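*Asks:* First, the structure itself, so that you have it in front of you.
Every read-out reported here was derived from the displayed coordinates using simple, explicitly stated rules and does not represent laboratory data. What you see is a predicted model; the values in this text were computed from it and never measured. Glycine also receives a Cβ, built like all others from the backbone with ideal geometry; neighbour counts cover every protein chain displayed.
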Amino acid sequence: MLINLSEIMSVKGNIVSIQAPIETEEFCIEGINYPLTEKEPVDFTITHLGDRKVELEGSIKISLLIPCSRCLKDVETPFNLTFTKELDFMKDSEERIKELDETNYINEYNLDVDLLVYDEILIDFPMKVLCDENCKGFCKVCGSDLNKGTCTCEKQDLDPRMSVIRDIFNNFKEV
């Protein structure tokens with residue numbers, strides 16, 4: 001959804017509250033799509049500060065299905081995002097590039113809500129998602145799900161790079 005900010009900027013001190021729906025159905029990062037299971041409209045409070053500056057405050061509750069890092073079971077991961085942005089429309093594109101301004105969700109006076117929410121999810125995206133703190137994952141040898149039961153594979157997992165040191169300890173053991 002696009003919100004035209006030029007109407008809001010017509011009067012200094014103008015404060016507008018808007019609920020904007022999210023149109024996207026999935027979040028895509030590095031070629032992997034994560035479906036949105038729950039999405040509420042974004043609550044915006046947009047304040048015209050004067051001199052073509054706008055303060056943008058927003059909050060959204062959204063949930064994604066992200067696979068568990070150990071067993072690949074889908075986990076519903078909630079995001080409660082709140083953000084505050086100050087947008088300066090006096091700067092041209094060259095000045096924004098020099099300042100490393102990453103406001104790719106602004107095109108002229110239009111605010112792209114989906115792109116703004118995408119950027120906020122990207123910032124808050126977890127490094128690791130677990131279905132349970134005690135998730136055992138898969139067996140490294142046979143691939144069976146260790147949460148459903150045990151396997152008959154050898155449990156000792158030795159690092160082959162340490163074989164020389166193991167040989168030294170085994171040959172020179174004191175009894």
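*Asks:* In debye to the nearest 20, how big a dipole does region 13-60 give about its Cα centre with +1 on each Lys and Arg Cβ and -1 on each Asp and Glu Cβ?
*Replies:* Dipole about the Cα centre, nearest 20: 280 debye.
*Asks:* How would you order 13-21, 1-9 from highest to lowest mean count of nearby Cβ atoms within 10 Å?
*Replies:* Highest to lowest by the protection proxy: 1-9, 13-21.
*Asks:* Using only DSSP helix segments of four residues or longer, with each worth -39500 (n - 2.57), what per-residue ellipticity at 222 nm results for the chain after dividing by its residue count and rounding to 500?
*Replies:* -4500 deg cm²/dmol
*Asks:* Pairing the Cα long axis of helix 113-124 with the longest principal axis of the chain, what angle in degrees results, from 0 to 90 and rounded to the nearest 10?
*Replies:* 40
*Asks:* Which ³J(HN,Hα) values, rounded to whole Hz and listed in residue order, are derived for region 64-75 from phi using the Karplus coefficients 6.51, -1.76 and 1.60 in 6.51 cos²θ - 1.76 cosθ + 1.60 with θ = phi - 60°, glycine and proline given as x?
*Replies:* Once rounded to whole Hz, the list reads 10, 8, 10, x, 4, 6, 9, 10, 6, 6, 5, 10.
*Asks:* Turning to a different aspect of this structure: Output the pairs from LYS39/LYS140; LYS61/LYS136; LYS39/LYS85; LYS61/LYS140; LYS91/LYS128 with a Cα-Cα distance over 32 Å in this structure; if there are none, say none.
*Replies:* From the list (LYS39/LYS140; LYS61/LYS136; LYS39/LYS85; LYS61/LYS140; LYS91/LYS128), the Cα-Cα distance tops 32 Å for LYS39/LYS140; LYS61/LYS140; LYS91/LYS128.
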